Amino acid sequence: MERLETGDPRWIGGYRLLGRLGEGGMGRVYLARSERGRTVAVKAVRSELARQPDFRRRFAQEITAAQRVGATWTAPVLDADTEATEPWVATGYIAGPSLTEVVDRDYGPLPDHSVRALATGLVKALTAIHAAGLVHRDLKPSNVLITIDGPRVIDFGIARALDATVQSSGGLTRTGAVIGSPGFMSPEQVRGETVTTAADVFCLGAVLAYAATGRMPFGTADSGVHALLFRIAEEEPDLGGLSGPLYELITACLAKSPAQRPTLEQLTARTDGQITGTWLPGEVLAQLGRHAVQLLDSEDPEAQAATAAGPLGFPGGTGNGDGNANGSGSGTGSGAGNGTGGAPATPPPSSPYHSAYHSPPPPSHGVPATPSSYQPGPYGYPQRPWPGQSGVAPTGYQPVNAYGGRPGAGGPRVQSPRSLATPTWALLAVTLVWMVAHFFYVAHIDSTLDDLPTTYSPRDHSDFSGMRNVSQLLDALGLVIILPTALLWVLWFGRLRTNAEAFAPGRLRYEPGLAYGVWFIPVCNFFMPKQIANDIWSASRPVPPGAWYGGGKAPAQRGLLNGWWCTWVGWFFLSFLGSWENWYDDPTVEGAGETLSVAILGDLLGIACGILAILLVLRLTRLQDDRIAGRV
């Protein structure tokens, strides 16, 4: 890790940068820590790429897909902002060296049993990546990190955004824009052909050959990149020193034709299945221990400055003879003589548009720049201030999560919706049972009345009184069930809205009270509850890239919410129509049949709505409980 330079930001989103991890064709990678103390890797995209709309669109799509990849064999995507002036993505930090560092610098070629275990882990990682609809496109030793439990693959799902940008611009736009790394590209990438999952299998073979021999199977670019690419496309790899099953595995992966390469399912059968025991040589394990120690020793650069300034983090200034020193920043420092105090601890960003990376503004003069004087909300937005903004948290203040939810007196109180959700979905289940019973009985009445001519009155049927009495009883029972269900639903919905305001302060439409009352406002209840529900859903889910509140870009995976709303509107409309007239009041069987048909259709929509409503209650409650518990 290298130190941050003068031009580097100190914050990206809600992450404080600690140092540089590297730089590539896409942008710079930083080591950072979240407000909850998790160590992450943040990749900031180059500004020239960020100015291309097609890249942003592709980048958002790929990050959304990458979030679906499991974290067992990859670095999980934790956060992203594709709408920032310069987009960024944060992934879990893997505390281990890359395969390049292990082979080139620390150890050399790995023994056969380590390469077989490496193959097992990489096959599992590619299986998870491909299952999410992604092709890595840039699998190379520097994108494979080594840990005690097995390899971890990074930078998956991002290269296609750059690939599309390069293609749309007619080729390479600058040095390093090639998609894939020379020496670890597939023949179809070299030829500019369609890239499929088979390309990752070829790259896998090249990576395994490098790990086993310590050299790239098609040589280096010393004689020129074009000569290297020609060898990849036309010549056989140099696998000298390999033999047995490992040689056969790598040779199969490096077949020139994608159709001749094994599938991941076939590779799974040919590898060990699981990584067991100590899969790495002792020297490499020792290096992993040094990496872990280095990570623990990585200090927050701003915290160091604050410590040098004093125990409260006040910036100092130049002292005079009497020992007083007026800080040039916020607050007043003191010292025993002349000296320059430390820099102030920089608070999180106060506006997402402050700089390209949401960099923090300097503290205002006269306000102590202590960490507790600023409580950031999610996505780099500030939490609503406490009364007086004193710089000290209120008595009894306890952070509930990393997204702005605080139980302090100055903002919305975050409470689990489960206490309201359980009786709500239970009553919804009872309502669902009633709707099913109502559906079958109304269908029975409709079938029974078909025995009479359409011009007759329903009263002419011999069992009219019995059917009317049961129908009236069912209607009264439905009213008794639906009224408390609606009340609990509104209370649960309002609780969700209050929590969402804490998760994403200032990012939700309408006032919190409308979450309770809008259901009873004619016309408005056909669109405003859905808009509020959209904002609740967005604030309650783990942060999706490109998500925006207030009617902008919508997060993905909202099918359950949309399905429930469509069926609810249909059921509400048909129930409203059916409330004007009862079948037993119609003068003719034909009229009664039309009324009964509306009731049957309404019951069908109501049953679908009830099922989706129960699922929605369970889903949103679980999402908010996870946010409160800090599990997402």
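The table below gives the values:
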{"read-out": "Sorted by Cβ neighbour density within 10 Å, fewest at the top, the residues HIS130, HIS113", "value": "HIS113, HIS130"}
{"read-out": "Cross-link partners of LYS530 among aspartates and glutamates (Cα-Cα below 15 Å; sequence separation of 8 or more within a chain)", "value": "GLU511"}
{"read-out": "Residues of type aspartates and glutamates that LYS256 reaches as a straight line, Cα spacing below 18 Å, ignoring anything fewer than 8 places off in the same chain", "value": "ASP138, GLU188, GLU193, ASP200, GLU234, GLU235, GLU236, ASP238, GLU248"}
{"read-out": "Under Karplus coefficients 6.51, -1.76 and 1.60, residue-wise ³J(HN,Hα) of segment 484-500 in Hz, glycine/proline x", "value": "x, 5, 5, 5, 5, 4, 5, 5, 5, 5, x, 4, 4, 5, 5, 5, 4"}
{"read-out": "Karplus-derived HN-Hα couplings along segment 443-456 (A = 6.51, B = -1.76, C = 1.60, θ = phi - 60°), whole Hz, x at Gly and Pro", "value": "4, 5, 4, 4, 5, 5, 5, 5, 6, 9, x, 5, 7, 6"}
{"read-out": "For segment 418-629, with +1 on Lys and Arg beta carbons and -1 on Asp and Glu, the positive-most of HIS444, PRO522, GLY494 along the dipole", "value": "GLY494"}
{"read-out": "Fewest-first ranking of GLU501, GLU62, GLU35, using other Cβ atoms within 10 Å as the exposure measure", "value": "GLU35, GLU501, GLU62"}
{"read-out": "Loop sites in segment 205-269: GluC sites (Glu not before Pro), DSSP, at most 14 other Cβ within 10 Å", "value": "GLU235"}
{"read-out": "Globularity ratio of segment 418-629, using Cα Rg and 2.2 N^0.38 Å", "value": "1.21"}
{"read-out": "Environment charge of GLY273, counting only residues whose C-beta is closer than 12 Å and scoring Lys/Arg +1, Asp/Glu -1", "value": "+2"}
{"read-out": "Exposure proxy ranking, count of Cβ atoms within 10 Å, fewest first, for ARG231, ARG191", "value": "ARG191, ARG231"}
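Read the figures in this text as sums done on the coordinates, not as results from a lab. What you are looking at is a predicted structure, and each value in this text was computed from that prediction instead of being measured. Using ideal geometry, Cβ is built from the backbone for each residue, glycine included, and neighbour counts are taken over all protein chains shown.
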